[in-house]
Amino acid sequence: MGFFNKLFGSKQEDENQMATLNIGIIIGSTREGRVSPQVAQWVKEIADKRGDANYTIIDIADYKLPLLGEAGTDASGATAWSEAIAKQDGFVFIVQEYNHSITGALKNALDYLREEWNNKAAGIVSYGSVGGARAAEHLRGILGELLVADVRVHPALSLFTDFENGTDFKPQAVQEDSVNQMLDQVIPWSKALYTIR
Ligand SMILES: Cc1cc2nc3c(=O)[nH]c(=O)nc-3n(C[C@H](O)[C@H](O)[C@H](O)COP(=O)(O)O)c2cc1C
C-alpha cells in the first residue's frame, strides 16, 4: 500500500491491514543452555490467546550472525535476518541481563539493521537477579536510536521467584497479567506506527 493510501485509504482498508499485524518475539540470548526459549514460548502462548496479531518467535541464534563487519566471517545469515525483521510491525524483546546490560548477541543483531527496525513498537520482557531491569533500561536507549517506540509496561521476571534453581521457568501467576498489559500497549502503537511507514 502506498503512502497516499495509508493516509487517505478507507477505514475498512486500514482495519483489514491491521488484522494481519505481525509481532516478532525476539530471543536475545544465544548461549548453549540458555533459558530464553522457555520465556519466549510462554510469551507466545499468552499472546496467541489474544488473537490480535500473528506472533512469531524469532531466534537470533538461527541466523548465525558473526560480529558486524568482522573480516573473514560468513555473514550469509544477514539477509534472512533482515527479511525476518522487515516483516514485523512490532516486537517483544526477551531480554536477559549480562553484566548489567543486554547480551552482546542482541546488540550485534540490532546493529545489523536500521530501516527494518524504524517506526515500529516494542515491549520488553526481561529477567535477571533484579528482573533484568538494568538490561531493559539499556535496551530502551538503543531502541530510541533505532526509532523503535518501546512501551511503558515491562514484565520483569526474577531468577529467584519466577525460575526454579535459576533455570526452570515457573513464572508467578501475576506475570501473565503483566504480559497482557504490555501487549495492550504494543498492539495499538504498532498499528499507529504502521501509518507512517
Ligand atoms: C556473562 C553473564 C553475565 C551475567 N550478568 C548478570 C548480571 O549482571 N545481572 C544479573 O541479574 N544476572 C546476570 N547473569 C545471570 C543471567 O541473567 C542468567 O544466567 C540468565 O539465565 C541468562 O539468560 P540466558 O539463560 O537466556 O542466557 C549473567 C549471566 C552471564 C552468562
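So which residues in region 27-45 are buried (at least 21 other Cβ atoms within 10 Å of the Cβ) and either outside any helix (DSSP H, G or I) or touching an Asp or Glu at 6+ places or on another chain (Cβ under 7 Å) (or both), if there are any at all? Selection gives Ile27, Gly28, Ser29.
Any residue in region 107-117 that is among the hydroxyl-bearing types (Ser, Thr, Tyr), more than 16 Å from the ligand (Cβ to nearest atom) and surrounded by 15 or more Cβ atoms within 10 Å (Cβ to Cβ)? Looking for residues that are among the hydroxyl-bearing types (Ser, Thr, Tyr), more than 16 Å from the ligand (Cβ to nearest atom) and surrounded by 15 or more Cβ atoms within 10 Å (Cβ to Cβ), one finds at least one in region 107-117, hence yes. Under the condition of being of a type outside the set (Asp, Glu), surrounded by 17 or more Cβ atoms within 10 Å (Cβ to Cβ) and without any contact (Cβ under 8 Å) to a residue 60 or more places away in the chain, the residues counted in region 159-175 number 2.
Considering region 147-170, the residues that are under 12 Å from Ser126 (Cα atoms) and not polar (S, T, N, Q) include one that is farthest from the ligand (Cβ to nearest atom), namely Val153. Condition first: basic (Lys, Arg) and away from the ligand (no atom under 16 Å from the Cβ). Can you find one or more residues in region 76-93 that meet it? Checked region 76-93: at least one residue is basic (Lys, Arg) and away from the ligand (no atom under 16 Å from the Cβ).
Considered as a group, the residues in region 171-197 that are polar (S, T, N, Q) and out of contact with any helix residue (DSSP H, G or I) (no Cβ under 8 Å at 6 or more places or on another chain) include one that is nearest to Lys120 (Cα to Cα), and that residue is Ser190. Are any of the residues in region 52-74 part of a helix (DSSP H, G or I), on the phi < 0 side of the Ramachandran plot and of a type in the set (Gly, Ala, Ser)? Scanning region 52-74, I find at least one residue that is part of a helix (DSSP H, G or I), on the phi < 0 side of the Ramachandran plot and of a type in the set (Gly, Ala, Ser), so the answer is yes. Taking the stated definitions as given, is Tyr98 under 19 Å from Gly131 (Cα atoms) and either among the hydroxyl-bearing types (Ser, Thr, Tyr) or surrounded by fewer than 23 Cβ atoms within 10 Å (Cβ to Cβ) (or both)? So Tyr98 passes the test.
Could you say whether any residue in region 123-138 is touching an Asp or Glu at 6+ places or on another chain (Cβ under 9 Å), among the polar types (S, T, N, Q) and within 16 Å of the ligand (Cβ to nearest atom)? Within region 123-138 (the criterion being touching an Asp or Glu at 6+ places or on another chain (Cβ under 9 Å), among the polar types (S, T, N, Q) and within 16 Å of the ligand (Cβ to nearest atom)), the answer is yes, since at least one residue qualifies. Is at least one residue of region 78-86 surrounded by fewer than 21 Cβ atoms within 10 Å (Cβ to Cβ), in a loop (DSSP other than H, G, I, E, B) and out of contact with any Phe, Trp or Tyr (no Cβ under 6 Å at 6 or more places or on another chain)? No, every residue in region 78-86 fails to be surrounded by fewer than 21 Cβ atoms within 10 Å (Cβ to Cβ), in a loop (DSSP other than H, G, I, E, B) and out of contact with any Phe, Trp or Tyr (no Cβ under 6 Å at 6 or more places or on another chain). For region 125-147, the criterion of a residue being touching a residue at least 12 places away in the same chain (Cβ under 8 Å), among the basic types (Lys, Arg) and assigned to a loop (DSSP other than H, G, I, E, B) is satisfied by no position.
How many residues are under 29 Å from Glu116 (Cβ atoms) and among the hydroxyl-bearing types (Ser, Thr, Tyr) if we restrict to region 157-197? Summing the residues that are under 29 Å from Glu116 (Cβ atoms) and among the hydroxyl-bearing types (Ser, Thr, Tyr) in region 157-197 gives 4.
Within region 57-76, does at least one residue satisfy the condition of being more than 21 Å from Leu113 (Cα to Cα) and either in contact with a strand residue (DSSP E or B) (Cβ under 7 Å, 6 or more places away or on another chain) or crowded, with 20+ Cβ neighbours inside 10 Å (or both)? The answer is no; no qualifying residue exists. For region 17-62, filtering for residues that are among the β-branched types (Val, Ile, Thr), away from the ligand (no atom under 16 Å from the Cβ), under 18 Å from Asp89 (Cα atoms) and at pLDDT 95 or above leaves 2.
The values are calculated or read from the model by the stated rules, or taken from the named source; none is laboratory data. Everything numeric here is computed off the predicted structure, so don't read it as measured data. So basically every Cβ, Gly included, is an ideal-geometry build from the backbone, and we count neighbours across all protein chains shown.
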